[in-house]
Structure formats: structure tokens, C-alpha cells
Amino acid sequence: MCRKKKLVFLTGAGISVESGLPTFSGGFIGQYRIEDVASIDGWRKNPELVTRFYNERRMQLCGVEPNAAHRIVAGLENDFDVTVITQNVDNLHERAGSTKILHLHGELTKVRSSRHADMVFDIGYRPIEVGEQAPDGSPLRPHVVWFGEPVTLIAAAQSIVAAADVFVIVGSALTVYPAAELVKSASTKAAIYFINPDDVKHTGCDMTIIREKATTGLEKFKTILYQTPEETPKTISADGKTNIFNIVILDQSGSMGSIKQEAINGYNETLQTIKAAQIEHVETQNHFVTLVVFNGSSTKMVYDRVACAEAAELNNETYRPDANTPLYDAMGSTLTNFRQKLDTTTDNRILVTIITDGQENASKEYTGQHIRKIVDELKGLGWVFTYIGANHDVEAAADRMGIVNKMKFEATSSGTKEMFYKKNMSRKRFYDIVAQKSEYVDGKFFDEDDANS
Ligand code: OAD
């Protein structure tokens with residue numbers, strides 16, 4: 001029995017906006033000052049004011065309901081191992097049916113002793129009287145983490161995020177620490193999503209941005225999520241969408257070492273381009289990724305036909321240039337295997353991209369003629385091939401293999417960056433052409449002028 005994927009949400013005040021609760025930065029504090037009502041100093045100075053503030057918040061909470069975003073998160077528990085880490089003190093996740101919730105900043109419907117933090121009481125929506133005492137004789141205080149107080153659950157939250165297969169940040173400005181840095185605990189294999197209608201400056205690690213409100217954003221996220229690798233494409237395209245299989249065959253020979261970081265960044269940008277297209281064309285396209293890295297030691301299938309949401313980024317561990325360049329063997333084995341597995345009863349587009357900084361020089365199984373024959377046959381089935389090379393006669397090498405879309409690049413830092421930029425712009429153009437159901441003319445994948453420069 002395969003384990004359920006671990007889906008972890010970090011939610012902020014934004015997820016409760018469509019329930020009628022203001023965001024923290026946009027009204028939660030209302031006419032009060034943060035330092036007066038949301039800090040330990042404020043409590044010490046004026047417990048009456050703070051008690052009144054949270055009584056009002058509790059009353060406000062009593063008058064609202066969870067919205068579709070809370071319900072989507074709860075509903076995903078049917079198919080995924082879902083944990084919600086929330087910065088919110090409201091109980092809307094619980095009321096929507098979520099079962100695994102960690103309240104980083106406390107809970108509005110609870111109070112606790114001012115002396116013993118673990119002496120906590122659930123009071124529902126009732127107001128507490130100023131001076132009401134806990135059993136230890138200390139005044140009851142809201143069970144909320146105020147500025148100036150430690151976030152005691154942060155370590156638990158970090159380990160939950162570290163175990164996530166998919167991490168989704170919904171409705172948070174990521175301005176309050178340490179919650180704002182939780183994303184840094186995510187594993188490099190995790191797919192990360194950021195749902196927020198506003199252009200929020202975030203920690204810069206790679207994530208797929210869904211610029212939408214929580215409800216519509218989570219709907220889009222859900223659509224992407226359910227494109228799991230277990231489901232064969234056959235079933236998915238039953239929904240009338242086009243399956244786009246992105247095959248990237250990336251040279252990992254020793255000479256690539258000089259542009260290793262650029263190659264890693266470039267590939268990861270390609271992944272971002274694919275994920276962005278998945279979001280943009282979510283109604284008409286399903287994007288899958290196959291990544292093969294090759295050199296004289298091995299032709300390694302890093303992953304095959306995974307939904308783009310699941311495709312992990314390359315890093316210094318997964319990309320290690322070494323040895324020589326058996327390009328034909330890498331292409332021959334990859335294309336033949338892929339063809340055998342492909343369900344041709346569905347509407348598929350296959351885009352093959354070969355990136356190499358050198359001439360074929362080490363293949364044992366496949367020759368140039370073999371590859372030419374395979375490429376011609378597959379082009380006959382509508383597959384699109386792009387050949388991107390450096391440090392050799394790219395034109396001639398591509399022609400030998402029958403590939404008409406070719407681009408030469410300088411195997412320098414700037415040359416490689418420029419190449420990936422142009423390549424990804426062309427890739428986006430191709431997806432748009434497919435989405436518009438307009439006719440794609442082979443040979444025009446890269447803008448002609450650029451290709452021969
Ligand atoms: P903020 O108010 O700082 O950020 C809310 C975010 O939600 C903003 O980025 C908005 O753009 C976004 N947003 C607005 N409407 C939205 C919608 N319909 N759907 C999705 N997003 C929307 O709140 P937080 O990031 O949660 O603790 O941080 C505030 C935390 O700091 C709170 O937990 C608070 C404080 O410590 C307590 O209240 C105890």
C-alpha cells in the first residue's frame with residue numbers, strides 16, 4: 001500500500017479574508033496599535049485593553065464561517081496526508097473539517113494561565129472578564145503568541161515542513177518571523193506553491209506562484225496536484241486535455257563542469273517555465289517532465305513522465321559533470337523506451353530538448369544513422385525536437401540527426417544563461433501555439449534569426 005503524499009499547508013490571515021476576517025496587516029488590529037494589544041508589553045501595561053480586544057475578536061469569529069479555501073484544504077485529506085500549520089488564531093480550519101492543525105500563534109477560543117503556559121482552557125466564543133483567574137490564581141490571558149514572545153511550536157513546524165512532499169503557502173505576507181522562514185525547512189525534493197493575490201516578496205527559494213485569492217488559487221492548485229504520476233496519462237486526457245510530455249536530455253560530461261551552475265539554474269528555469277505553462281493552460285494542458293542526464297559513466301533517468309508539479313529541481317547533488325559524451329546512446333535509449341510506454345490513444349505532444357556542449361564521442365549501442373532513423377520516424381508522429389549545442393558545429397550535428405530546431409550557444413556563464421532564456425521563451429511560445437490549437441511549423445521553434453546567430 002503506497003503511502004499517502006505528505007501535503008503541508010502554511011496558512012496566514014489571507015485564507016480567512018473570504019470568510020470576512022481582516023488580514024493582520026490589513027485590519028485585524030483595527031483602531032488599536034499592535035504594541036498595545038498584540039505584545040507582552042501591551043498585556044503587562046493594560047490587560048483590560050488586551051482582554052477587551054480579544055473578546056471582540058472572539059465575538060467577530062463567532063459570526064463568520066469557513067470558506068471554500070478552508071474546505072478544499074480539509075477535503076484533500078481524502079487522498080493526501082495533510083497537515084495545516086497556521087499563523088491564524090481563528091478556528092476556521094477546524095470548523096472546515098481539517099484534522100491535523102498546528103496553531104503557531106495560538107488560538108482565539110482558548111485562554112491560559114499567565115503563570116503556566118501549558119495550563120490552557122477552551123472557552124469557545126465567550127468573553128473573559130478582566131482579572132478572571134486560572135486555577136493557579138494567575139489572571140487568565142488569551143492563548144495567543146504575542147510579539148516579544150517565543151513561538152514554542154516552531155521546531156515542530158519545521159520538522160513537519162521538512163517531511164513534506166508538497167508545501168503550500170496560502171494567504172501569508174511572510175513578514176512575521178520565524179514563520180516566514182519555514183519554507184527554508186522544505187526538502188529540495190518538495191514542490192512548493194505560493195498562493196496570494198498580491199505580489200509578495202518571499203524568501204526567493206523556487207516556488208510556483210499562484211497569484212490568486214485563496215479560494216480560486218487552491219482550486220487551481222488542486223487541479224495540478226491531482227495529476228499524480230500513478231495515474232497513467234490515458235486516464236487524465238480523458239478530460240479532453242492535451243498531454244504535453246517535456247523530455248530533456250542533458251549532457252553531464254566533464255566539459256559541462258565549466259558551466260555546471262548555469263546548467264543547473266538553466267534547467268530549473270526550464271522547469272519553472274513548464275510549471276508556469278501548466279498554470280496558465282490548466283484548462284487545456286497536462287504537463288509531464290522526463291529528465292535524463294548522461295555521460296560516459298551512465299545515462300540516468302532522473303524522473304520519467306512525472307506531473308510537472310512533482311518534478312524536482314536539479315542541484316549540485318543531482319547534477320555532477322564528469323566523463324565523455326555518449327549522446328547517441330542517451331538519445332536512443334530514452335526515445336525508444338519512451339515510445340514503448342507512451343499511450344498513443346491520447347492527445348499527446350512530445351517536446352524533446354537535447355542540451356550538450358560537445359560532439360558525440362562515446363556511444364557504443366546507437367550510431368548517428370540509428371538516431372536519424374528514430375528521429376525521422378518520431379517527427380512523423382508529430383514529436384518536436386530541439387538541439388542546443390556549444391563548442392562544435394551545431395548546425396551539422398543537428399542536420400545529421402534530422403533535427404531542424406537548433407541553437408548554438410557560447411559555453412560561458414553569460415552564453416549559457418542567454419541560451420536558457422531564449423530556449424524558455426521559445427518553449428512558452430510553443431505551449432501557447434498548442435493551447436491556441438494553431439498549427440506549429442517545425443523548424444520555427446527558435447526564432448529563425450536567433451538560431452543562426
Ligand atoms: P498578513 O496580514 O501579514 O498577510 C496576509 C496576506 O494575505 C497578505 O499577503 C495579503 O496579500 C494576502 N491576502 C489578502 N486577501 C487574500 C485572499 N483572499 N486570499 C489569499 N491571500 C490573501 O498576515 P500573516 O501573513 O498571516 O499573529 O501574518 C500575520 C501573523 O502575524 C499573524 O498570524 C499574527 C501576527 O503574528 C497573530 O495574530 C497572533
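Details
- Alpha-carbon Rg with Dmax, taken over segment 346-453, Å: 14.2, 42
- Positive dipole terminus of the chain, leading residue within Val302, Ile433, Ile374 (C-beta point charges): Val302
- Estimated D of segment 280-323 in µm² per second, where Rh is the Kirkwood radius over Cα pairs and Stokes-Einstein applies at 10 °C, 1.306 mPa s: 132
- P(r) weight above 23 Å for segment 59-164, C-alpha pairs, percent: 36
- Overall form of segment 253-379 per C-alpha gyration tensor (a/c, 1.5; a/b vs b/c): oblate
- Whole-percent pair-distance distribution, where bins are 5 Å wide, for the alpha carbons of segment 33-114: 3, 14, 21, 21, 15, 11, 9, 5, 2, 0
- Directionally averaged projected area (convex hull, Cα atoms, segment 308-394), nm²: 7.2
- At most 12 other Cβ within 10 Å, DSSP loop - GluC sites (Glu not before Pro), segment 98-185: Glu129
- Partner aspartates and glutamates for Lys373 [C-alpha distance under 17 Å; skip if fewer than 8 residues away on the same chain]: Asp329, Glu360, Glu365, Asp399
- Residue order, fewest to most beta carbons within 10 Å, for Phe53, Phe167: Phe53, Phe167
- Between the amide H of Ala411 and those of Asn391, distances stay under 5 Å, these residues lying 5 or more places away or on another chain, with hydrogens modeled in the peptide plane.
- Translational diffusion coefficient (Stokes-Einstein; Kirkwood radius from C-alpha pairs) of the chain at 10 °C, 1.306 mPa s, in µm²/s: 65
- Net charge of neighbours whose Cβ lies under 13 Å from the Cβ of Arg95, counting Lys and Arg as +1 and Asp and Glu as -1: -3
- With 22 Å as the limit on Cα-Cα distance, the pairs of Lys5/Lys110; Lys4/Lys341; Lys300/Lys364; Lys184/Lys423 that go past it are Lys5/Lys110; Lys4/Lys341; Lys184/Lys423.
- Cα gyration tensor shape for segment 157-224, rounded if a/c is under 1.5, else prolate or oblate: oblate
- For the pair segment 249-317 and segment 393-410, the centres of their Cα atoms are 21 angstrom apart.
- Dividing the summed -39500 (n - 2.57) terms of all DSSP H runs of n ≥ 4 by the residue count of the chain sets its mean residue ellipticity at 222 nm at -10000 deg cm²/dmol.
Read the figures in this text as sums done on the coordinates, not as results from a lab. Since this is a predicted model, take the numbers as computed values, not measurements. FYI the Cβ positions are ideal-geometry reconstructions off the backbone, even for glycines, and counts take in every protein chain you see.
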